[in-house]
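Enquirer: Just passing along the structure, written as structure tokens.
The values are calculated or read from the model by the stated rules, or taken from the named source; none is laboratory data. Keep in mind the model is a prediction, meaning the values are calculated, not measured. Note that each Cβ is placed from the backbone with ideal geometry, even for glycine, and that neighbours are counted across all protein chains shown.
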Amino acid sequence: MSQIIVITGTRKGIGRELTNYYLSKKNIVIGCSRGESTITDKNYRHYKLDVSDEKAVIKMLRATKKEFGKVDILINNAGIASMNHFLTTSTSSVQNILNTNFLGTFIFSREVSKIMMKQKYGKIVNFTTVASALRLEGEAIYAASKAAIENLTQTTAKELAPFNITVNAIGPTPIETDLIKTIPKEKIEQLLQKQAIKRFGNFDDIKNVIDFFINQKSDFITGQVIYLGGIHN
Ligand SMILES: NC(=O)c1ccc[n+]([C@@H]2O[C@H](COP(=O)([O-])OP(=O)(O)OC[C@H]3O[C@@H](n4cnc5c(N)ncnc54)[C@H](OP(=O)(O)O)[C@@H]3O)[C@@H](O)[C@H]2O)c1
């Protein structure tokens, strides 16, 4: 049966890959990013917005509710990273990372939950990173923004459980997208060596975990953070 799936950050990278994957499974995907999308599938809608722009997000979700009547799944994928020693990190960089990663996840979760509560069904998947579990040097602000998302995941899982809404998070290892393009090769290699399974993650690894979280049989799975690669908190 076709589901209505909202995915943030769909222009490129993991978000784009997830969009094409769920479209190929005959779902309807409503996506967004700051740039235009080149996905032309008739079951895809794109909104050009910043996830931290509350008004634009509310407008997007109002239009979605009007057209499709419901939202089954929310995947809070949009995110940015910045590799920097915390001593040389500017306040504006911190604000930018927190706005996109944490505030964006918060606004989408709150607004989509209002729709899901009424239908008494919903699955929310958030994105964290192994950098948070590892307290990775050079990633202090990015990791902290994702730690906040993990905590939000666990608390909202409790607050939304009475409405039959589950909230879980996936924490990928490095995956070869633009997000990690500027990180020096030796830094990535050091990170891979900290994993139980010492390889890059790939899109199929991500889809596998998200498929599990959004499966209707996973109704008893909530407030969980699953890291790839054998990392634990
Ligand atoms: N790749 C990795 O190694 C890795 C590892 C762990 C976790 N993750 C997480 O996985 C998620 C996806 O990352 P990725 O690797 O696919 O990154 P990516 O290739 O850089 O793509 C990021 C996506 O988010 C969108 N985006 C960024 N800021 C936005 C904003 N303020 N508002 C709306 N959309 C925004 C971008 O589109 P626009 O530029 O058009 O806005 C783009 O579609 C992120 O949450 C990231 O933290 C990735």
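Enquirer: Given the criterion outside any strand (DSSP E or B), charged (D, E, K, R), modelled with pLDDT of 95 or more and in contact with a strand residue (DSSP E or B) (Cβ under 8 Å, 6 or more places away or on another chain), identify the matching residue among R45, R16, R11.
Expert: On inspection, the qualifying residue turns out to be R11.
Enquirer: Checking T177 against (1) in contact (Cβ under 8 Å) with a residue 60 or more places away in the chain; (2) more than 10 Å from the ligand (Cβ to nearest atom); (3) surrounded by fewer than 19 Cβ atoms within 10 Å (Cβ to Cβ), which test does it fail?
Expert: (2)
Enquirer: Within the range 118-161, track down each residue that is among the aromatic types (F, W, Y) and buried (at least 19 other Cβ atoms within 10 Å of the Cβ).
Expert: F127, Y142
Enquirer: Mind checking which residues of the range 1-20 are within 13 Å of the ligand (Cβ to nearest atom) and within 18 Å of N215 (Cβ to Cβ)?
Expert: Within the range 1-20, V6, I7, L18 qualify.
Enquirer: Please pick out the residue among K65, K48 that is away from the ligand (no atom under 13 Å from the Cβ) and surrounded by fewer than 20 Cβ atoms within 10 Å (Cβ to Cβ).
Expert: Just one listed residue meets the conditions, K65.
Enquirer: A follow-up question, please. For the range 21-42, name all the residues that are in a strand (DSSP E or B) and either away from the ligand (no atom under 15 Å from the Cβ) or in contact with a Phe, Trp or Tyr (Cβ under 6 Å, 6 or more places away or on another chain) (or both).
Expert: I28, V29, C32
Enquirer: Mind checking whether some residue in the range 70-84 is part of a helix (DSSP H, G or I) and either within 11 Å of the ligand (Cβ to nearest atom) or surrounded by fewer than 15 Cβ atoms within 10 Å (Cβ to Cβ) (or both)?
Expert: Taking every residue of the range 70-84 in turn, none turns out to be part of a helix (DSSP H, G or I) and either within 11 Å of the ligand (Cβ to nearest atom) or surrounded by fewer than 15 Cβ atoms within 10 Å (Cβ to Cβ) (or both).
For (1) over 23 Å from L103 (Cβ atoms); (2) of a type outside the set (S, T, N, Q), each residue gets a yes or a no:
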position	(1), (2)
L134	yes, yes
Y142	no, yes
A161	yes, yes
N168	no, no
K181	yes, yes
D204	yes, yes
K217	yes, yes
